[in-house]
Each structure stands twice: as structure tokens, then as C-alpha cells.
């Protein structure tokens, strides 16, 4: 009997690290683990204290018994830039990376220097000159290398990185099924930030990271079994409620921008997919439904489309990362 090799899938937040150890390519043979990250080690997705985080992560790898595993990980949303760019007709698909490497800093400008980037060629062409379009995803190389070096030094073998909302969409498409012609707004609400990504025809068209200005000291970590925990809010409830209302205004602004500025009124969001580790997503859904006449679906975690084995909702991006596969 040939044993399937195990792969580790990781997501690091300012306050928690989540891991899905996977045997094979699906979610049927998967082990989920999570652990609180001490405050101050990671701030807005950036490793703030490299030595302390390395010692913490090395101990976590030993505790979980995942040393020498291949690892996939998601780049924190706060570091990601996504832009649509035009590609000259003469540039071949196998020359895309070289073209963008040459043009970044010259004709293409990013919010940071020395990026790591990837390119996705789009089916659409410019209406005026027929030139092709491409999505350019980029992150600061220095910040990406910090994570890779910590993982390597702790005994793991980084093989792939991904974008969190793309992982969540991959999970949604595999378990729920994305319907043709629909425009989905993915809203990930977490303890101190939220992410908004709008998908159409299986491709992201808009991406936004929003810091929520909620101090992590206002959240209490509560153990919920071996290698698992939940969160309880211990701060001012009035402040939290007001913050939630502010996000409804921002959500409306983004949907109007997508409809009128990006698509000139010809396309609009048709549904909202809600997920994240915020402990009261039901209240978030109620607020959205009070403000918008759109269907809102709270995305739940499962190991298969049959939805037999339930998994924690907070692991949805990690589950989507596990579905990425070796060649994706």
C-alpha cells in the first residue's frame, strides 16, 4: 500500500494561526489545528517581531508534529495589491512574467517597491485596440520572504502561496457551486479586519482590505477542545455596534462603485457570501439584510459537497487552500 504524502496548509492572522494537515488532494483526510498568536508578533499581517514569532512558530511546528512537511500558505490580505493591466498583442503567454517584470516601475506602478507578483491572463480584450487584459497580483517581496524564511527555519518546505479570498472562492465553488452569470461579493469578517472581494465568472474584479480598529485586547480567547478555541468580545458593545453600522455604509459605497464606475450600470452584485471568524456572523447578516435587498449566505465548513462532515467556519480559507493542488 502506497501512503499518500501529507501537506500542511497554513494561514496566519495577527491573533491566530490555523493549519489543515492534508493527506491526498481532497478534504476527506484532513486534520485541523489552531493556536492563538501572542499579541505584538504579527501586526496587520506583517511579522513585527521576527525572533519572537520564529520561536513561537518553531514550538508550534513541534507541538503539532508537522516538521518536514510541504506547506502552502496564504499571503495576508493587508499585503496584497490587485490591478487590471493591458498586455500588448505581441506578448506571448509564456512571456507574461518577463513583460511585467520589465514594466513594473516603468509603465506599471505598485504601492510598494520590489514586489513578488503573479499574472492571470483574462479572456477579455480592450474594446478600442483589441489588446488583452490581465490581472496583476503583487505583494512586498520582503514581507513574503519573512514568512518563507520562518517556515523554512522551523523545518517546513514552502511550495505554494495563495491569496486568501481566492482560496475561499475555491472552497465555495467546490462545495456550494458557483452559478453562471452571478456576481458574488465575498465578505470575510474577522476579529480586527474584514476583506471584500467581488467575483464574476470565477474571476476577482475588486478586492479591498479594511482594518476595523478593534484592539485585540478586547477579544478573549476561550479553549474549545484540543488545538481549537473560540473568541468572546470583552469590549464596549456600543462601539462594536457602531462599527458594524459604519461597514454597512462602506459596503454600499463599494457595491455602487462596482456597478456604476467599473461597469457603467451594466452589472451589479447579485449575492453576498459571508464568512470569517467573527463570532456573531448572524448579527452581521441581519444588518446586511436590513440595508440591502440581496440574498446573504453564511458560508459553512464541510469536508465535501454532500455536507456530511461539518468543519469550523473559521477554517474556510484554509480548506480552500488545501484544494489548490500541486499544479494549480
inquiry  = surrounded by 14 or more Cβ atoms within 10 Å (Cβ to Cβ), in contact (Cβ under 8 Å) with a residue 24 or more places away in the chain and part of a loop (DSSP other than H, G, I, E, B): is that true of residue 27 in this structure?
reply    = yes
ask   = Which members of the stretch 38-61 meet the condition of being buried (at least 19 other Cβ atoms within 10 Å of the Cβ) and either over 14 Å from residue 17 (Cβ atoms) or under 18 Å from the mean Cα position of the chain (by Cα) (or both)?
value = 42, 45, 47
request  = Looking at (1) buried (at least 18 other Cβ atoms within 10 Å of the Cβ); (2) farther than 30 Å from residue 242 by Cβ; (3) at pLDDT 95 or above, find the lone condition where residue 175 falls short.
outcome  = (3)
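Test residue 11 against the stated conditions and say whether it is in contact with a helix residue (DSSP H, G or I) (Cβ under 7 Å, 6 or more places away or on another chain) and either over 26 Å from residue 198 (Cβ atoms) or not in a strand (DSSP E or B) (or both).
Values: in contact with a helix residue (DSSP H, G or I) (Cβ under 7 Å, 6 or more places away or on another chain): yes; either over 26 Å from residue 198 (Cβ atoms) or not in a strand (DSSP E or B) (or both): no.
Answer is no for this residue.
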query = Within the stretch 295-312, how many residues are within 26 Å of residue 70 (Cβ to Cβ) and at pLDDT 90 or above?
reply = 4
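The values are calculated or read from the model by the stated rules, or taken from the named source; none is laboratory data. Quick caveat, the model's predicted, so the values are computed rather than measured. Virtual Cβ from ideal backbone geometry, glycine too; neighbours counted across all protein chains shown.
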